[in-house]
Amino acid sequence: MRKILLALSLFAVVSAPSFAADYSDGNIHKNDYKWMQFNLMGAFNEKPGNNSHDYGEMEFGGRSGLFDLYGYVDVFNLLSNPSSDKEDADKMFMKFAPRLSLDALTGKDLSFGPVKELYIASLMEWDGGNVTTNANETNNQKIGLGSDVMVPWLGKIGLNFYKTYDATKKDWNGYQVSTNWFKPFYTFANGTFLAYQGYIDYQMGMKSQYSTSATGGAMFNGFYWHSQRYAIGYGLKLYKDVYGIEDTPGFRSSGVANYISLSYKF
């Protein structure tokens, strides 16, 4: 499963810089910020497999000196529903995406054009299962080049290109391009606001011995109301041969899924 909800806290939104990251003064902590929140989630017709279930998520991120971080831990089937597709499946999924700033590391402004900062980007995904009983357990590590890029209307987005190592298969297996965004687009008189937030993950070059499709991906489009402590949102997720699984009538890996969430910000 691959899911990232970018429901950032209000503090993170106003703190994250939108200008070039110039660390030539030696102060690598001047753009630091952090956020954490708990999300109660409902997924409907999630791919692959058209599954619906509830789950809880602890989501966090921020910046400290050299490092930019995003991550979450999911716990599935909180209601212990015996009819849930997660009843006899792995109950957890974890994702950590640390990035090492090359600007802060070198003390130089490496920005050019719309690119505001460069990173060594990594991404780790685990589902906590036992590979000896399930050869399809998720244990991936990805490494590559990351960036913060300014684009029209959306503002600053993250854009990363990775090469994927499948630790279960003990082999490199393709590449991934990922981007994410958070765009407040309407603010109410009381300071709460509406935001369009989401991500795109697209995999390519996956090997035929491990995947039935060489390409695949997903796009999440979230529309959220945010206050200082709470967020309520709806997400529309579009899939195409996600995780390199070719879509078939018997097992759907392409199509649409819906998500709802209620968040509390720490």
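A short reminder: the numbers here are calculations on the coordinates, not readings from a lab. Computed from a prediction, not measured in an experiment: that's the story for all the values here. Please note: Cβ atoms are built from the backbone with ideal geometry, for glycine as well, and neighbour counts cover all protein chains shown.
D by Stokes-Einstein for the range 117-219, Kirkwood Rh over Cα pairs, 4 °C, 1.567 mPa s: 83 µm²/s. Using Cβ point charges alone (K and R +1, D and E -1), the dipole size of the chain about the Cα centre works out to roughly 380 debye. Note that the range 242-258 has calculated 3J(HN,Hα) couplings of 4, 6, x, 9, 5, 5, 9, x, x, 8, 7, 10, 10, x, 10, 10, 10 Hz, one per residue in order, obtained from phi through the Karplus relation 6.51 cos²θ - 1.76 cosθ + 1.60 (θ = phi - 60°); glycine and proline are x.
Across the chain, the mean sequence separation of Cα contacts (distance under 8 Å, 6 or more residues apart), normalised by length, yields a relative contact order of 17 percent. Each residue of the range 222-234 was assigned a 3J(HN,Hα) from its phi angle through the Karplus expression (A = 6.51, B = -1.76, C = 1.60, θ = phi - 60°), giving x, 10, 10, 9, 10, 10, 5, 10, 10, 8, 10, x, 10 Hz with x at Gly and Pro.
Across the range 10-265 the C-alpha pair distances fall into 10 Å bins from zero in the proportions 7, 27, 36, 23, 7, 1 percent. Once Rg and the Kirkwood radius are both taken over the C-alpha atoms of the range 169-266, their ratio Rg/Rh works out to 1.12. Computed across the range 222-266, the Kirkwood hydrodynamic radius from all distinct Cα-Cα pairs reaches 12.4 Å. In order along the range 43-55, the Karplus-derived 3J(HN,Hα) couplings, from 6.51 cos²θ - 1.76 cosθ + 1.60 at θ = phi - 60°, round to 10, 10, 6, 5, 9, x, x, 6, 9, 10, 6, 9, 6 Hz, and Gly and Pro are given as x. For the chain, the residue among 82, 56, 181 whose Cα projects farthest onto the positive side of the dipole built from Cβ charges is 181.
Shape summary: the range 19-126 maps onto an equivalent ellipsoid whose semi-axes, from the alpha-carbon gyration tensor, are 38, 13, 11 Å in decreasing order.
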